[in-house]
């Protein structure tokens, strides 16, 4: 089996690059959703949510960079056009959302969809002993699960 400089199988790494680029694309859409609700939120919870949404989009910017750098690390090229992002998107695009509950529900739904992509990547990276990708996905998953729990608590809903 042919391996790359990291000792990972080349063919499987190329497939993993594709999956990571799907995640990258979806994180870009999530980021834009967060920017939109940050800008457009209205109502009595404005101050709290405006700050929270900024915290989330700042965190997603860091994750976007981490995903792109992981793609480069395992020998791929990260996607970087809106055309590619839309073609790979699996998230609901939130447009002109100003209601607090709709905004928080969009976050919950987006994170849930991102978790599905990340769990699939985690399974594939585990199969080839790609600890770098495993670690990143594990960290993303645990953070996002906690955020979903907190957002659902805010919505006063149960998992």
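Among the residues of region 6-49, which ones are under 16 Å from residue 129 (Cβ atoms) and free of Cβ contacts under 8 Å to residues at least 12 places away in the same chain?
Across region 6-49, the qualifying residues are 7, 11.
From 109, 96, 129, which residue is outside any helix (DSSP H, G or I) and more than 30 Å from residue 4 (Cα to Cα)?
The conditions single out 96.
Only one of 128, 67 is in contact with a strand residue (DSSP E or B) (Cβ under 7 Å, 6 or more places away or on another chain), surrounded by 14 or more Cβ atoms within 10 Å (Cβ to Cβ) and at pLDDT 95 or above. Can you tell me which?
It is 128.
Name every residue in region 114-123 that is touching a residue at least 40 places away in the same chain (Cβ under 8 Å) and either buried (at least 19 other Cβ atoms within 10 Å of the Cβ) or closer than 11 Å to residue 148 by Cα (or both), in order of residue number.
Correct list: 114, 117, 118, 121.
Is it fair to say residue 79 is buried (at least 18 other Cβ atoms within 10 Å of the Cβ), outside any helix (DSSP H, G or I), at pLDDT 95 or above and touching a helix residue (DSSP H, G or I) at 6+ places or on another chain (Cβ under 7 Å)?
Against the criterion (buried (at least 18 other Cβ atoms within 10 Å of the Cβ), outside any helix (DSSP H, G or I), at pLDDT 95 or above and touching a helix residue (DSSP H, G or I) at 6+ places or on another chain (Cβ under 7 Å)), residue 79 qualifies.
Given the criteria touching a residue at least 24 places away in the same chain (Cβ under 8 Å) and surrounded by fewer than 16 Cβ atoms within 10 Å (Cβ to Cβ), does residue 72 qualify?
no
Would you be able to say whether some residue in region 50-61 is crowded, with 20+ Cβ neighbours inside 10 Å and within 23 Å of residue 130 (Cβ to Cβ)?
yes
The values are calculated or read from the model by the stated rules, or taken from the named source; none is laboratory data. As the structure is a computational prediction, the values presented were derived from the model and not from experiment. Ideal geometry is used to build each Cβ from the backbone, glycine not excepted, and the neighbour counts take in all protein chains shown.
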